Amino acid sequence: MHTHAQRIVNYTDAVAYRLSLTLKIGANVGLQEEREGMEPFDGMIEVWWEDGSKLAALKESDSFNKLLEEITELQREFVDFSRSSRFFTED
């Protein structure tokens with residue numbers, strides 16, 4: 001997945017990204033059990049942009065949409081879309 005995130009970063013002129021993988025440790029199991037929570041995601045990718053409004057223009061680009069389709073198809077092999085989330089935040 002690292003390579004796919006890097007492609008998005010390069011294409012969109014993002015300023016940074018970070019891949020964080022969930023630790024398979026007893027402490028995480030304890031956190032989950034304390035609140036009877038769901039199993040954690042395997043990992044998370046964060047991407048940062050200076051100006052997120054520029055992403056709207058990219059959605060109009062055929063080449064960007066082709067890249068997104070390609071990455072989505074690759075992700076289908078290992079991502080449970082029904083349990084994953086995508087969202088924007090502000091720092």
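Each value in this text was obtained by applying a stated rule to the coordinates, not by laboratory testing. In this text the structure is predicted, and so the values were computed from the model without any measurement. As a convention, Cβ positions derive from the backbone with ideal geometry for all residues, glycine included, and neighbour counts pool all protein chains shown.
Across all Cα atoms of the chain, the radius of gyration (one decimal) and Dmax (whole number) stand at 15.6, 47 Å. In this Cβ point-charge picture (+1 for Lys and Arg, -1 for Asp and Glu), the stretch 34-91 has a dipole of about 200 debye about its Cα centre.
Here the Karplus curve 6.51 cos²θ - 1.76 cosθ + 1.60, taken at θ = phi - 60°, turns the phi angles of the stretch 80-91 into couplings of 8, 4, 5, 10, 9, 10, 9, 6, 9, 9, 10, 8 Hz, with x standing for Gly and Pro. Counting only DSSP H runs of at least 4 residues, each contributing -39500 (n - 2.57), and dividing by the residue count of the chain, the helix-based mean residue ellipticity at 222 nm comes to -12500 deg cm²/dmol. Normalised by the number of residues in the chain, the average gap of Cα pairs under 8 Å and 6 or more apart makes the relative contact order 29 percent. Each of M44, M38 was scored by other Cβ atoms within 10 Å of its Cβ. Arranged with the fewest first, they read M38, M44.
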